[in-house]
Amino acid sequence: MERGVRIRPWRMAAGVAALIALLGAIALGVLLYRTFQAINYPGATHVADETITRYTPNFVIRRTSVFRTTDAFNKVYNWYSVRFSLGPESYAQSNCILMSKSSTRGWGLEEQMSVMVCGTPNDQMMFVMRSFMLRYPRL
């Protein structure tokens with residue numbers, strides 16, 4: 001009878017630890033999903049998408065997407081520029097504008113993002129690339 005009493009606290013602790021790990025994994029999944037869905041322009045048609053994950057020499061996850069919308073060129077440009085703090089365009093040619101940035105988020109996490117907005121005769125096309133790289137610690 002005593003043996004069952006001694007085991008019960010360990011089982012409860014293991015159950016609580018498993019529950020915390022599960023909730024943490026779910027929260028991380030939701031965070032990653034929201035981070036990658038953030039590049040989707042509202043109401044735009046999703047033309048193409050590719051996600052690449054590399055594990056060596058550093059962990060890198062990169063999403064490249066193409067969207068099409070009938071919204072005005074200025075509205076699309078401002079949405080991406082303000083939402084991702086891309087600032088003024090870094091390169092413009094004809095009806096296309098390229099905006100990009102690289103930043104360090106801390107703990108070896110780096111973010112790179114570029115958005116090219118091109119005006120076509122009927123609508124706007126957006127080419128978006130966003131990647132995160134986690135540098136492994138050097139031993």
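Mind checking which pairs have a first residue in the range 51-69 that is more than 15 Å from Met113 (Cβ to Cβ) and a second that is among the hydroxyl-bearing types (Ser, Thr, Tyr) and assigned to a loop (DSSP other than H, G, I, E, B), Cβ under 9 Å, 6 or more apart or different chains?
The qualifying pairs are Thr56/Tyr136; Pro57/Tyr136; Asn58/Tyr136; Phe59/Tyr136; Arg68/Thr120; Thr69/Tyr41.
So Leu134 passes all but one of these: (1) surrounded by 11 or more Cβ atoms within 10 Å (Cβ to Cβ); (2) modelled with pLDDT under 90; (3) not basic (Lys, Arg). Which condition number does it fail?
Leu134 satisfies every listed condition except (2).
State all residues of the range 28-45 that are farther than 17 Å from Ser81 by Cα, open to solvent by 60 Å² or more (accessible area, probe 1.4 Å) and part of a helix (DSSP H, G or I); if no residue qualifies, say none.
Within the range 28-45, Leu28, Val30, Leu31, Leu32, Tyr33, Arg34 qualify.
Looking at Ile52 and the list (1) assigned to a helix (DSSP H, G or I); (2) in the same structural domain as Ser114 (by the TED database), which single condition is not satisfied?
For Ile52, the failing item is (1).
The values are calculated or read from the model by the stated rules, or taken from the named source; none is laboratory data. Predicted model only: the values in this text are computed from it and were never measured. All Cβ positions, glycine included, derive from the backbone under ideal geometry; neighbour counts span all protein chains shown. Note: accessible area is taken over every heavy atom of the protein model, side chains too, but ligands, DNA and RNA are not part of it. Shrake-Rupley method; radii C 1.70, N 1.55, O 1.52, S 1.80 Å.
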